[in-house]
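Beneath this line is the structure, given in structure tokens, with notes to follow.
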Amino acid sequence: MGEQTWIDQQVSSDFSRARLRSLLNGVVGYLRQQPQALLPFEEVRARINIRGQHDRGIQTVPLSAIIGSEGRYSDFDRMFLPRHEATRDRWKNVDRAHYQDVILPPVELYKLGEVYFVRDGNHRISVARQQDQHYIDAHVIELVCDVPVHSALTTNDLEALEERSDFLEWTKLSELRPDQQIEVTQPGGYLELIRHINGHRYFKSLGLDQELSSEEAVLSWYDTIYLPLVDAIRRTGVLDAFPGRTPTDLYLWIMDHRHYLTEAEGFDPGAQEAALDYTRHFGQRRVSSKLPPPPSVAEIEFLAWSGLGQARPSVRIPLTKDRDYARLRQHILDHQYFLGQNLKRDVAFDEAALSWYDTVYEPIVQAVIQQHVQHLFPKHALGDLYLLITEHLHYKRDQGIEIDPQEATREYAELFGHERASLLTGVLHGARRLMRLALSDE
């Protein structure tokens, strides 16, 4: 048998196997209710706001990340297997080039988020998949968008993706707050968020006796209404009671529930209590072990004294020992003094309390949460860890070593975040405190 005859037989066999795999994939996808179609690029692009494009040149691209096509999306399935006999001749010509070691030009792809769409080269990609290749050389044009586009995307997801893209374009939050992660799973949820922003803009403008700009309203809503409640949702663990939902879903539901409780009970319970009450009534899983206890009298008094209970309605600063709130009060008073020194002016107490919370307390607490430190100290509340890590910061600075809250948290966890070291924690901190008091008396 000549080489040409062997190649002809091989490419015919390859195409037949590819077609059979496509048929089997279709049956399995139907039984499992898993879409097997390629995504049409034009439809995806029409639903997402594109902010620009960049020519990324020749790159090596994983074949598994190519999920759609500009013009041939109906000729191949999601695995780029041929769905019709009409593609036979062209498919076989490309496969023949593979066996003859003919170098074909790179395919052309659009990149959108984490995935790619074929601009030119559908048959080359199909043959490469059949030949068990994992990567392919491609000339890539990247389209810039604000929403995440991932490999699991299907046509059923496009409507929600379009709503999210429109919301981000209207609010400009991707530019104003690049780290935002607003995502709604319920239909119409993004429109409801816009209603919240517009309502906040109206009442905020009344209080200021002047109209807020659209950008000012968005930032004020995000920073003072949305983000504090979402932080509370993450801290308390109530999201575990609502599998498959996002923090933004809970934000919408809890805000409605808070309004209901206010109407029913005649007073506003606050975002934190509304979140806990909503979870107790409607959560699908038991999460009572993760929910914090209600605020103590000492905590309520501290939040009222500092003004944080009114300025940051969802704030909780739990401590295991009520007497430690006196230490927090001193922290705020010290911060007021040093802030005035830095700004070279008198600083009002309310301004100092908010500044302390936003620039001193919150960075340390966020470091504790992000580094998953709290589980290393099961007997300590977040406020306790703030005090301990602050003492560690002061100790390092007394030694002439400047470290930031992230580094201080990491170092403290490494030193004291296990059973043996924790036995010495109280003694060591007591000794450090006595040393600082002695030094201050000299």
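Values quoted throughout were computed directly from the atomic coordinates according to the rules given, and no laboratory measurement underlies them. As the structure is a computational prediction, the values presented were derived from the model and not from experiment. In this analysis, Cβ positions are derived from the backbone assuming ideal geometry, glycine residues included, and neighbour counts consider all displayed protein chains.
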Checklist line | Which of ILE141, ILE300, ILE364 has the fewest Cβ neighbours within 10 Å, and the rest in rising order | finding: ILE300, ILE141, ILE364
Next item on the list: Please report SER306, SER296 as a ranked list, fewest other C-beta atoms within 10 angstrom at the top and most at the bottom.
Entry: SER296, SER306
Notebook entry, point to check: Can you work out ³J(HN,Hα) from phi for every residue in segment 61-74, in order, using Karplus 6.51 cos²θ - 1.76 cosθ + 1.60 and θ = phi - 60°, giving whole Hz and x for Gly and Pro?
Noted result: 10, x, 4, 5, 8, 8, 10, x, 8, 6, x, 10, 5, 8
Note to self: Which residue, GLY283, ILE7, HIS335, has the largest displacement toward the positive end of the dipole of the chain when charges sit on each Cβ (Lys, Arg +1; Asp, Glu -1)?
What the structure shows: ILE7
Next item on the list: Grab the beta carbon distance between GLN9 and LEU415, set R0 = 51 Å, and tell me the FRET efficiency rounded to 0.05.
Entry: 0.15
Notebook entry, point to check: Using alpha carbon centroids, what distance separates segment 265-283 and segment 298-366, in Å?
Noted result: 25 Å
Note to self: Can you compute the modelled spin-label distance between ASP268 and THR320, with each label point 7 Å from Cα toward Cβ, in nm?
What the structure shows: 3.4 nm
Next item on the list: Could you list which residues have their amide H under 5 Å from that of VAL115, counting only those 5 or more apart in sequence or on another chain, with H placed in the peptide plane?
Entry: none
Note to self: Placing unit charges on C-beta atoms (Lys and Arg positive, Asp and Glu negative, everything else neutral), compute the dipole magnitude of the chain about its Cα centre in debye, rounded to 20.
What the structure shows: 1180 debye
Margin query: Rounded, prolate or oblate for segment 300-417? Axes are the square roots of the Cα gyration tensor eigenvalues, ordered a ≥ b ≥ c, and the cut-off for rounded is a/c under 1.5.
Written below: oblate
Item checked: Expected 222 nm ellipticity per residue - DSSP helices of 4 or more, -39500 (n - 2.57), all of the chain, to 500 -> -17500 deg cm²/dmol
Notebook entry, point to check: Quick one: if you take sqrt(5λ) for each eigenvalue of the C-alpha gyration tensor of the chain, what semi-axes come out, biggest first, whole angstrom?
Noted result: 56, 27, 22
Notebook entry, point to check: Expressed in nm to one decimal, what extension gain is obtained for the pair ARG234 and GLU43 from 0.36 nm per residue of sequence separation less their Cα-Cα distance?
Noted result: 65.2 nm
Notebook entry, point to check: How large is ³J(HN,Hα), in whole Hz, for each residue of segment 22-34 in order, when computed from phi with the Karplus curve 6.51 cos²θ - 1.76 cosθ + 1.60 and θ = phi - 60°, using x for Gly and Pro?
Noted result: 5, 5, 5, 4, x, 5, 4, x, 5, 5, 8, 6, 10
Item checked: DSSP beta bridges in the chain [antiparallel fraction, %, rounded to 5] -> 60 percent
Checklist line | Positive-end extreme of charge dipole, the chain - chosen from ALA217, ALA37, GLY188 (charges on Cβ) | finding: ALA37
Next item on the list: Mind grabbing the base-10 log of I(q)/I(0) for segment 3-155 at q = 0.11 Å⁻¹? Debye formula, identical points on the C-alpha positions, no solvent, two decimal places.
Entry: -0.43
Item checked: Pairwise label distance in nanometres, LEU343 with HIS375, each label 7 Å out on the Cα-Cβ vector -> 4.0 nm
Note to self: If I take R0 = 45 Å and measure r between the Cβ atoms of TYR202 and HIS84 in this structure, what FRET efficiency does the formula 1/(1 + (r/R0)^6) give, to the nearest 0.05?
What the structure shows: 0.20
Checklist line | From phi via Karplus (6.51, -1.76, 1.60), per-residue ³J(HN,Hα) for segment 10-16 in Hz, x at Gly/Pro | finding: 5, 5, 5, 5, 4, 5, 4
Notebook entry, point to check: When THR5, THR409 are ordered from fewest to most other Cβ atoms inside 10 Å of their Cβ, what list results?
Noted result: THR5, THR409
